[in-house]
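Engineer: Before we start, here is the structure in question, set down as structure tokens.
The values are calculated or read from the model by the stated rules, or taken from the named source; none is laboratory data. Remember, predicted model here, so these are calculated numbers, not experimental data. For neighbour counting, all protein chains shown are included, and Cβ atoms are generated from backbone atoms with ideal geometry for every residue, glycine included. Accessible surface areas use protein heavy atoms only, side chains included; no ligands, DNA or RNA. Shrake-Rupley method; radii C 1.70, N 1.55, O 1.52, S 1.80 Å.
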Amino acid sequence: MAVAPRLAALTEQLLGSALPLRLRAWDGSETGPPGGPVIVVRHRRALRRLLFKPGELGLARAWVAGEIDVEGDLYAALGLLLAPIQAERDIPPRQKLTIARELVRLAGPAAPVPPPPPREEVARRTGPLHSLRRDRQAISHHYDVGNAFYELVLGPSMVYSCAVWDEDTDTLEAAQTAKLDLICRKLGLREGQRLLDVGCGWGSLALHAARHYGVRAVGVTLSEEQAAYARERVAKQGLGHLVEIRVQDYRETADGPFDAISSVGMAEHVGAARYREYAERLFGLLRPGGRLLNHQIARPPRADESSYRVDPFIDAYVFPDGELAPVGRTVTLLERAGFEVRDVESLREHYALTLRRWVRNLEARRAEATRLAGAGRARVWRLYMAASALSFERAGIGVNQVLAVRLPVAGGPGLPLRPRAWTERGTVQERTRRPERPERPERQRPAAPARAQEQPH
């Protein structure tokens, strides 16, 4: 009997609904609705993976190994499959046994032997969760995969976080520059100030702040490869007198106070149990009146927060030990640490646009990405970025910039009366392109000669 109809019947039992797209099996047989994307099961080994790791992790292993693939629009396929796969369906025990028996038959004589996980899966973790040692291992797994690979995906900006778009933005690089400049404006950076960039990546924000605002920036990262790349950029741009890049945990940073702190796409690695410590540490590193810009992915709150579980694919292949929290909890913990939260801005749709550009970069140069990082790694990044884009678009997750201030001892506000004036100033490029305003006409005073007009500001 052809394999595809048997696989489709099994899938429909697992999903509790009709197969939403076409399926092709390793014997060439096909079934399901025509005209859309096709799920291709290239090898019966994929079924063995599902036998030993049912659910998302088994599917993820088969995807990374190339045993399952999608022909056609990946976004369309994920859009049809993600909701039923992630739904927690209660299957009766007798039906589970029937499904398992059919899987064993289709998987062939090697079914009792579990296939080894793809080598891209995170190695065995050692040490307590979110200890210094374990966090270094987790960061290295994700970021130390080759700077050339990240250049291909991220583009010239080398910024690995949500860009900021508007109707006139036509390139990823312009949107990332707009985000960097928005952060600098929110922090109120001025020449001579000290900035700490926690989780500085490849140094883009520290370089932007030094070049355009004259600050002395310290960037800290746990990735050796990121630090080496960032230091090379600093040297090439002649900013060594303003920018220092360290391989250092924020918990080891002890040379405060800083006038401002940025934490962009880093707090997701901190973990719920350590977040209060993280907030208090950053509070202690700020001078009174200093500002914190915390840019962080968030998830919706749950009625029972103890039921939250990290996505198994993300945990095993993308961000080991990463955790998401509702934005309300983030704000609460920052306030408990002593901060006054002054602004929260959601950039959810902006991240979806950013991720789609990263996926486009990867797909345009897939052969090169495979050569640089390996086929499995390229498949991991393509799946996680495409699925994440859909999650942001559907409000499954969000991202927020939280601006907080350590109040001066006297209790002053520490910010302008209308802090959101930063939105009216435009990006660096807009300010440099903008023509100078014409001088205002002099006021005529009958009792005295007109004075020279001051330059508007």
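Engineer: Using θ = phi - 60° and the Karplus relation 6.51 cos²θ - 1.76 cosθ + 1.60, list the HN-Hα couplings for the stretch 98-109 in order, rounded to whole Hz, with x at every Gly or Pro.
Structural biologist: 4, 5, 4, 4, 5, 4, 4, 4, 6, 6, x, x
Engineer: Right, something else. Leaving ligands, DNA and RNA out of it, work out the accessible area of Lys96 with a 1.4 Å probe and give it in Å² to the nearest 10.
Structural biologist: For Lys96, solvent-accessible area is about 110 Å².
Engineer: Per residue of the stretch 392-399, in order, report the coupling 6.51 cos²θ - 1.76 cosθ + 1.60 (Karplus, θ = phi - 60°) as ³J(HN,Hα) in whole Hz, putting x for Gly and Pro.
Structural biologist: With the stated coefficients, the stretch 392-399 comes to 5, 5, 9, 6, x, 9, x, 9 Hz.
Engineer: May I pose another question? What shape does the stretch 1-82 have by the C-alpha gyration tensor, where a ≥ b ≥ c are the square roots of the eigenvalues, rounded means a/c under 1.5, and otherwise prolate means a/b greater than b/c and oblate the rest? All intermediate terms of the calculation are to be shown ahead of the outcome.
Structural biologist: On the way: a/c = 1.29, a/b = 1.16, b/c = 1.11.
Rounded.
Engineer: What shape does the chain take by its C-alpha gyration tensor, where a ≥ b ≥ c are the square roots of the eigenvalues and a/c under 1.5 counts as rounded, a/b above b/c as prolate, and the rest as oblate?
Structural biologist: prolate
Engineer: Rounded to whole Å, give me the distance from the Cα center of the stretch 173-228 to that of the stretch 283-328.
Structural biologist: About 21 Å separates the Cα centre of the stretch 173-228 from the one of the stretch 283-328.
Engineer: Output the 0 to 90 degree angle, nearest 10, between the alpha-carbon long axis of helix 3-15 and the longest principal axis computed from the alpha carbons of the chain.
Structural biologist: Compared with the principal axis, the helix lies near 60 degrees.
Engineer: Right, next: With every protein chain kept in the model, how would you rank Arg124, Arg302 by accessible area, 1.4 Å probe, largest at the top?
Structural biologist: Arg124, Arg302
Engineer: Right, here's the next one. Of the peptides 166-174, 9-17, 149-157, how do they stack up when ordered by the mean number of other Cβ atoms within 10 Å, highest first?
Structural biologist: Going from most to least packed, we get 149-157, 9-17, 166-174.
Engineer: Using a 10 Å cut-off on Cβ atoms, rank the peptides 222-234, 375-387 from the highest mean neighbour count down.
Structural biologist: Working: 222-234: 19.6, 375-387: 21.2.
Going by the mean number of other Cβ atoms within 10 Å, highest first, we get 375-387, 222-234.
Engineer: What are the residues whose amide H is under 5 Å from the amide H of Val399, where those residues sit 5 or more places off or on another chain and H is modelled from the backbone?
Structural biologist: Residues meeting the amide H criterion: Ala298, Leu347, Arg348.
Engineer: Give the relative contact order (percent, whole number) for the chain; include only Cα pairs under 8 Å separated by 6+ residues.
Structural biologist: 14 percent.
Engineer: Please compute the modelled spin-label separation between Glu191 and Glu224, points set 7 Å along Cα→Cβ, answer in nm with one decimal.
Structural biologist: 4.0
Engineer: Any idea what the relative contact order of the stretch 194-327 is, in percent, if you count C-alpha pairs under 8 Å spaced at least 6 apart?
Structural biologist: It comes to 23 percent, rounded to a whole number.
Engineer: From the gyration tensor of the Cα coordinates in the stretch 106-150, what semi-axes in whole Å does the equivalent ellipsoid have, largest first, with each one equal to sqrt(5λ)?
Structural biologist: 31, 17, 5
Engineer: Using a 10 Å cut-off on Cβ atoms, rank the peptides 138-144, 316-322, 366-372 from the highest mean neighbour count down.
Structural biologist: Numbers: 138-144: 18.4, 316-322: 21.6, 366-372: 15.6.
So the peptides 138-144, 316-322, 366-372, ranked by packing, come out 316-322, 138-144, 366-372.
Engineer: Relative contact order, percent, of the stretch 1-52 when contacts are C-alpha pairs under 8 Å separated by at least 6 residues?
Structural biologist: Reported as a whole number, the value is 31 percent.
Engineer: Let me ask another. Apply the Karplus curve 6.51 cos²θ - 1.76 cosθ + 1.60, θ = phi - 60°, to the phi angles in the stretch 130-135 and return the couplings in whole Hz, x for Gly and Pro.
Structural biologist: Using θ = phi - 60°, the values come out as 6, 6, 4, 5, 5, 5 Hz.
Engineer: Given charges of +1 on the Cβ of Lys and Arg and -1 on the Cβ of Asp and Glu, with all other atoms neutral, how large is the dipole of the chain about its Cα centre, in debye to the nearest 20? If you can, show how the numbers build up before the last one.
Structural biologist: Details: 67 positive and 55 negative charges, 77 e Å.
In debye, rounded to 20, the chain gives about 360.
Engineer: Averaged per residue, what accessible surface does the chain expose to a 1.4 Å probe, in Å²?
Structural biologist: 48
Engineer: So, with a 1.4 angstrom probe, what is the percent of accessible area on the chain that is carbon and sulfur?
Structural biologist: Here carbon and sulfur together make up 53 percent of the probe-accessible area.
Engineer: Ok, one more. How far, in degrees from 0 to 90, does helix 74-86 lean away from the longest principal axis of the Cα atoms of the chain, to the nearest 10?
Structural biologist: That helix lies at roughly 70 degrees to the long axis.
Engineer: Does the stretch 110-181 classify as rounded, prolate or oblate by the C-alpha gyration tensor (a ≥ b ≥ c root eigenvalues; a/c under 1.5 gives rounded; else a/b over b/c gives prolate, otherwise oblate)?
Structural biologist: Working: a/c = 3.16, a/b = 1.95, b/c = 1.62.
In terms of gyration-tensor shape, prolate.
Engineer: Tell me which GluC sites (Glu not before Pro) from the stretch 87-148 have a DSSP coil assignment and no more than 13 other beta carbons within 10 Å of their own. Display every interim value, and only then the final one.
Structural biologist: Working: sites: Glu88, Glu102, Glu120, Glu121; in loops: Glu88, Glu120, Glu121.
Counting only loop positions with at most 13 other Cβ atoms within 10 Å, the GluC sites (Glu not before Pro) in the stretch 87-148 are Glu88.
Engineer: Sum -39500 (n - 2.57) across every DSSP H segment of at least 4 residues in the chain, then divide by the residue count to get the 222 nm mean residue ellipticity, nearest 500.
Structural biologist: It lands at -12500 deg cm²/dmol.
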